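The values are calculated or read from the model by the stated rules, or taken from the named source; none is laboratory data. Only a predicted model underlies this, so the values are computations on that prediction, with no experimental measurement involved. Cβ placement follows ideal geometry from the backbone for every residue including glycine, while neighbour counts extend to all protein chains displayed.
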Amino acid sequence: MSKSVIHTDKAPKAIGTYSQAIKSGTTVYLSGQIPLVPETMEVISEDFAEQAHQVFKNVRAVCEAVDDGSLNHLVKVNIFLTDLSNFAVVNEIMSQYFKQPYPARAAVQISALPKGVQIEIDGVMELPE
């Protein structure tokens, strides 16, 4: 099975040796997105809620870069937080971007993220055949 690179200018460009996403068959593996504004490649703000919204926007942009792709094709989402006390805020914000059935999800607290941000999200998308 071949793999193809997914790229969009509507999400931050890769800042390392990775692709925004890779499609293999009907599965798309999304790299982690942090709250960078794509046009400036700067962190949106220090406010957690603003960071979370920007990350979901970035993830949505990568999903939509795939033919017929959308956030609702995500089957698994991993959320990395530097402070798990923000979990309730993530739930509230996530509900604004997803419809039921929601993807499977993990949310874990970690010690640090790139550029000192407070949230990163990656995921796996399954496209209709």
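Consider only pairs whose beta carbons are under 8 Å apart and that are at least six residues apart or on different chains; among these, list those whose first residue lies in region 106-125 and is under 26 Å from residue 73 (Cβ atoms) and charged (D, E, K, R) and whose second residue is part of a loop (DSSP other than H, G, I, E, B) and modelled with pLDDT of 95 or more.
Note: pairs meeting the criteria are 120/34; 120/113.
Select from region 23-68 the residues that are in a strand (DSSP E or B) and polar (S, T, N, Q) and write down the one among them that is surrounded by the fewest Cβ atoms within 10 Å (Cβ to Cβ). Break it down stepwise before answering.
Residues of region 23-68 that are in a strand (DSSP E or B), as a first pass: 23-24, 27-33, 36-37, 42-43.
Of the ones still in play, those that are also polar (S, T, N, Q) are 24, 27, 31, 33.
On the way: 24: 11, 27: 14, 31: 18, 33: 24.
Step by step, filter region 23-68, then rank; the result is 24.
Of all residues in region 69-119, which are under 25 Å from residue 26 (Cα atoms) and exposed (fewer than 11 other Cβ atoms within 10 Å of the Cβ)?
Residues satisfying the conditions are 99, 100, 101, 106.
From the list 91, 78, which one is among the polar types (S, T, N, Q), outside any helix (DSSP H, G or I) and either under 19 Å from residue 117 (Cα atoms) or over 12 Å from the mean Cα position of the chain (by Cα) (or both)? I'd like the intermediate steps shown before the answer.
On the way: 91 fails: outside any helix (DSSP H, G or I).
Selected residue: 78, the only one of 91, 78 that is among the polar types (S, T, N, Q), outside any helix (DSSP H, G or I) and either under 19 Å from residue 117 (Cα atoms) or over 12 Å from the mean Cα position of the chain (by Cα) (or both).
Suppose the filter is closer than 28 Å to residue 3 by Cβ and modelled with pLDDT of 95 or more; does residue 74 pass it? So that I can check it myself, show each step before the final result.
Details: closer than 28 Å to residue 3 by Cβ: yes; modelled with pLDDT of 95 or more: yes.
Yes, satisfied.
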